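The values are calculated or read from the model by the stated rules, or taken from the named source; none is laboratory data. Model, not experiment: these values are computed from the prediction. Here the Cβ positions follow ideal geometry from the backbone for every residue, glycine too, while neighbour counts run over all protein chains shown.
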Amino acid sequence: MTVLQLKVTVTFALCVILLELAGCRQDMHNQPKFKPLRASEFFPDGRSARPLVPGTVDRSEVNEDPAYLTGLQNLQPVLTLPLPATRQVLERGRERFNIYCLPCHGELGDGNGMVAQRGYLHPPSFHDERLRRAPVGHFFDVITNGLGGMPDYAQQIPVDDRWKIIAYIRALQLSQHAAPADVPADIRGQLGQPMPPSQEGITGKTAPKGMAPPVPRELPPQTGVPEKPEVQR
């Protein structure tokens, strides 16, 4: 081997060694992280393990019942509510109903809401015999996926609130088809008596103290559309 060949070989070997050394970085071994429960000077409490974020839900507490999440059991609508129809449940259902359902379905669920009165497709009345006999899973499916002119409300209404709205719908249906015997005996004597003037707004909440309840706008009988104020030129 000549001197020139020796120099070339040594130079090539050195280049290979330098390339290998360049690849031996410790970034993946010495990561900027904390091992579990190791102390830290970065946080004021000296702990590297941080407390759970408020509202964190334990996976063991999540309801994974398919009937509860879909309203279906064996591909058929469930027949009974998966939660008790307590006063608290009905009050929450009424509140959510007044926000999402009342504009089209009306306060009584008769399909005569203000949106329908202004020209939108009238939804069916909840008091029709067909819907009175419909299983609760049917209402859950419609809220979740929509039907006809009604869009889905899966993003706006959580699963738990959907069932509470359905519980309130059942209460509405009962209220319009109840018999005097269904009224508790201690208040049955109030039947037929005029109710005092309501001070509640459309959401069922009392108006703030010192403020009058909302007054409906007067509409011209010809068009049913609010008159536009005249523009002074």
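Checking each residue of the range 129-152 against the condition of being surrounded by 15 or more Cβ atoms within 10 Å (Cβ to Cβ), at positive phi and in contact (Cβ under 8 Å) with a residue 12 or more places away in the chain gives no match.
Within the range 169-188, being over 18 Å from R130 (Cα atoms) and not in a loop (DSSP other than H, G, I, E, B) holds for P180, A181, D182, A185, D186, I187, R188. Given the criteria closer than 29 Å to W163 by Cα and free of Cβ contacts under 8 Å to residues at least 24 places away in the same chain, does N98 qualify? Against the criterion (closer than 29 Å to W163 by Cα and free of Cβ contacts under 8 Å to residues at least 24 places away in the same chain), N98 does not qualify. Picking from residues in the range 165-183 that are within 18 Å of E91 (Cβ to Cβ) and not hydrophobic (A, V, I, L, M, F, W, C), the one that is modelled with the lowest pLDDT is S175. Of the residues T80, T70, the single one that is of a type in the set (V, I, T), farther than 18 Å from Q173 by Cβ and in contact (Cβ under 8 Å) with a residue 24 or more places away in the chain is T70. Flag not set for R162, criterion: surrounded by 10 or more Cβ atoms within 10 Å (Cβ to Cβ), of a type in the set (D, E, K, R) and either at pLDDT below 75 or farther than 17 Å from N98 by Cα (or both). Is it the case that the range 128-146 has a residue that's more than 26 Å from Q88 (Cα to Cα), of a type outside the set (S, T, Y) and assigned to a loop (DSSP other than H, G, I, E, B)? Yes. Applying the criterion of being of a type in the set (G, A, S) and under 22 Å from D141 (Cβ atoms) to the residues of the range 111-123, the residue that is surrounded by the most Cβ atoms within 10 Å (Cβ to Cβ) is G113.
On the basis of being under 16 Å from V78 (Cα atoms), out of contact with any Cys (no Cβ under 7 Å at 6 or more places or on another chain), assigned to a helix (DSSP H, G or I) and of a type outside the set (S, T, N, Q), does I166 make the cut?
On the way: under 16 Å from V78 (Cα atoms): yes; out of contact with any Cys (no Cβ under 7 Å at 6 or more places or on another chain): yes; assigned to a helix (DSSP H, G or I): yes; of a type outside the set (S, T, N, Q): yes.
So I166 passes the test.
When you check G113 against the structure, is it among the small types (G, A, S) and in contact with a helix residue (DSSP H, G or I) (Cβ under 7 Å, 6 or more places away or on another chain), yes or no? Here the answer is yes, as G113 does meet what is asked.
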